[in-house]
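Below is one structure; the comments refer to it alone.
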Amino acid sequence: MHRLYAAWFLILLASGVASGQKAPPSNGSGPSADREELARLEKVWNEAHLQGNADALEHLWADDLEVAVPLMPVMSKAEALSFARSGRMKFSRYETSDLHIRTYGSAAVVSGRLQRRRTIGGREVEDDWRFTKVYIRGEGGWRVVSFHAAEAAKPSS
């Protein structure tokens with residue numbers, strides 16, 4: 001829960017709310033060029049995972065990245081890159097859907113559904129997650145500072 005508050009603080013700080021400026025609308029409005037670029041970066045993220053391209057991921061991730069996903073310890077950028085470069089996990093599916101892209105000045109939140117199939121330790125595992133990414137725009141463009149995923153709710157019988 002502490003990390004969620006920290007992520008929201010970053011969003012508020014980046015959007016100027018913490019400095020007394022009026023907050024941008026939270027209905028997903030913002031420059032369409034930014035939303036298009038973020039949608040493109042989501043495709044780059046997915047392809048990088050499918051191809052095992054740790055260099056592409058390194059470019060997408062901010063230096064202070066934090067990754068929190070089910071059944072794994074929270075990872076820093078260095079830890080996540082080390083894992084990605086190890087080749088211990090291979091993806092045969094990495095698809096997102098139900099994307100919601102919201103921009104707030106120099107911060108953005110992208111959320112949606114992630115379905116992936118991976119092989120690790122000789123066994124195949126399928127994940128069905130809901131995810132949230134927080135992006136911050138800097139001199140080098142948009143970078144992910146936080147990636148959080150949780151098991152998607154199972155349909156009721």
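Partner aspartates and glutamates whose Cα lies under 19 Å from the Cα of LYS154, excluding those fewer than 8 positions away in the same chain, are identified as GLU95, ASP98, GLU126, ASP127, ASP128.
The three principal axes of the Cα atoms in segment 44-85 give end-to-end lengths of 23, 21, 15 Å, sorted in falling order. Principal axis extents of the Cα atoms in segment 99-157, from largest to smallest and rounded to whole angstrom, are 41, 32, 13. Size descriptors for segment 69-120, from the alpha-carbon set: Rg then Dmax equal 13.9, 39 Å.
The Cα center of segment 88-123 and the Cα center of segment 125-157 differ in position by 6 Å. Please compute the modelled spin-label separation between ALA150 and HIS59, points set 7 Å along Cα→Cβ, answer in nm with one decimal. Taking the simple label geometry, HIS59 and ALA150 are separated by 3.3 nm. The relative contact order of segment 58-151, computed from alpha carbon pairs under 8 Å that lie at least 6 residues apart in sequence, is 29 percent. List the relative contact order of segment 68-115 as a percent without decimals, with contacts defined as Cα pairs under 8 Å and 6+ residues apart. With pairs under 8 Å counted, the relative contact order is 27 percent.
No value in this document is a laboratory result; all are computed from the given coordinates. Please read all numbers here as calculations on a predicted model, not as lab measurements. Cβ sites come from the backbone with ideal geometry, for glycine too, and all protein chains shown count toward neighbours.
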